[in-house]
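Shown next, in structure tokens, is the structure this report addresses.
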Amino acid sequence: MEYVKIPYVDKEVSRIFYGTAGQPFMTGGDGGELLDAVYALGVNAFDTARVYMLAEKSLGKWIEDRGIRDKVVILSKCAHPSPFGRKRVSEKDIRRDLKKSLDYLRTDYIDIYLLHRDDPEVPVGEIVELFNSLRAEGKIGAFGGSNWTHQRIAEANEYAYSHNLIPFTVSSPNFGLADQVRDPWGGGCVTISGPENEAARAWYQENQMPVIAYSSLGRGLFSGKVKSGEPEKASEIMDGNAMKGYACPENFERLRRCEELAQKYRCTVPQIAMAWIYRQPLNCFAVVSTTKPERMQENIQAMELPLTEDEVLYLDLRKEAL
């Protein structure tokens, strides 16, 4: 496992975050054995959110029971819109979410705290001031945005620099080999994948801001269970949100090329897709959810796959043939 320093986080952070937006965590079940196995493999960073039902509670209990709060990195998110679509990027809602998250996680601080969505009608200065206050209170470490455009992050950081404040230092957009062709959930999801988002990736490359990439395997598209030659069967594996966001001819061609290279390297399709992420010139971390520790081991091993520059371009349809 590779570990990297993120500004304002007092521990080194594994390149893989374990995602808790699934079972048994969201219903408050005991995922202790799974988390033990993932942690033993070297994953010390865990992604959760206030909107993930009881996931924070499950994660917090495990951390407290094992006595490892000083060894793990918790990322949580706040201010997700209400089920009725009410925007919640306000001091009242953020403080309310943070209080509940700290209670569920059984901790007095969160290492990385992100706004789950943006509200462009809220001036960025108000948000930067609030998050600096929360950090000064000792409740959060690094902070940033999930599903924020790079333009809004740049605007927030310009405000921070001009007012001698701590800037956003983390971002969590969708990123992976699969192009997110439609917003899977609605409500302002932001992706930096695909040919139309080249400017966003260039900004992240230049600034080297940590990108904590969600849906990095296309929500099952690159799981190895979906076959490129049988796109009509993809809905048997992928849920409706995944089909909406990723089921398109171009992505099935990317999958076919993953299958081709998986045979060459004698590895799995998800390993090829993960290796592609780690060959990008971005400061990238991947959020991965799995119920099988051996799959996580494969994700870690994927960091060492020696994809060539031509293969990286080929997988993303930027090179016709090898």
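Phi-derived couplings, Karplus 6.51 cos²θ - 1.76 cosθ + 1.60 at θ = phi - 60°, listed residue by residue for the range 281-289: x, 9, 7, 9, 10, 10, 8, 10, 10 Hz, with x used for Gly and Pro. Count charges around Tyr3 for me, please; just the other residues with Cβ under 14 Å from its Cβ, Lys/Arg as +1, Asp/Glu as -1. Spelling it out: positives minus negatives among the neighbours equals 0. For Thr290, the amide hydrogen comes within under 5 Å of the amide hydrogens of Gly19, counting only partners 5 or more places away or on other chains and with H modelled in the peptide plane. Springs between Cα atoms under 10 Å define the GNM used for the chain, and in it the highest mean-square fluctuation of Cys284, Cys248, Cys78 occurs at Cys248. DSSP beta bridges confined to the chain are antiparallel in about 10 percent of cases. What is the Cα centroid distance between the range 175-231 and the range 134-150, reported in whole angstrom? Their Cα centres are 22 Å away from one another. A full extension of the chain between Asp108 and Lys11 corresponds to an added length of 33.3 nm, given 0.36 nm per residue minus the alpha carbon distance. Picking from Thr268, Thr291, Thr308, which is most flexible by a Gaussian network model of the chain using Cα springs under 10 Å? Answer for the Gaussian network model of the chain: Thr308. Among the listed pairs Lys11/Lys100; Lys264/Lys292; Lys87/Lys244; Lys5/Lys264; Lys5/Lys100, those with a Cα-Cα distance over 31 Å are Lys5/Lys264. Solvent-accessible area assigned to carbon and sulfur over the chain amounts to 49 percent, based on a 1.4 Å probe.
In a reduced charge model with +1 at each Lys and Arg Cβ and -1 at each Asp and Glu Cβ, the chain shows a dipole moment near 620 debye about its Cα centre. With a Förster radius of 35 Å applied to the C-beta separation of Lys227 and Glu196, the computed FRET efficiency comes to 0.80. Here is the list for the range 123-206: GluC sites (Glu not before Pro) lying in DSSP coil, each with at most 16 other C-beta atoms within 10 angstrom of its C-beta, are Glu137.
With protein chains left intact and a 1.4 Å probe, residues in the chain average 43 Å² of accessible area per residue. Taking the convex hull of the alpha carbon positions in the chain and averaging its projected area over all directions gives 15.5 nm². Between the Cα long axis of helix 91-105 and the first principal axis of the chain there is an angle of about 70°, rounded to the nearest 10.
The values are calculated or read from the model by the stated rules, or taken from the named source; none is laboratory data. Given the structure is predicted, the values throughout are model-derived calculations rather than measurements. Note that we place each Cβ from the backbone using ideal geometry, even for glycine, and neighbour counts take in every protein chain shown. To get the accessible areas, we keep the full protein, side chains included, count just its heavy atoms, and leave off ligands, DNA and RNA. Shrake-Rupley method; radii C 1.70, N 1.55, O 1.52, S 1.80 Å.
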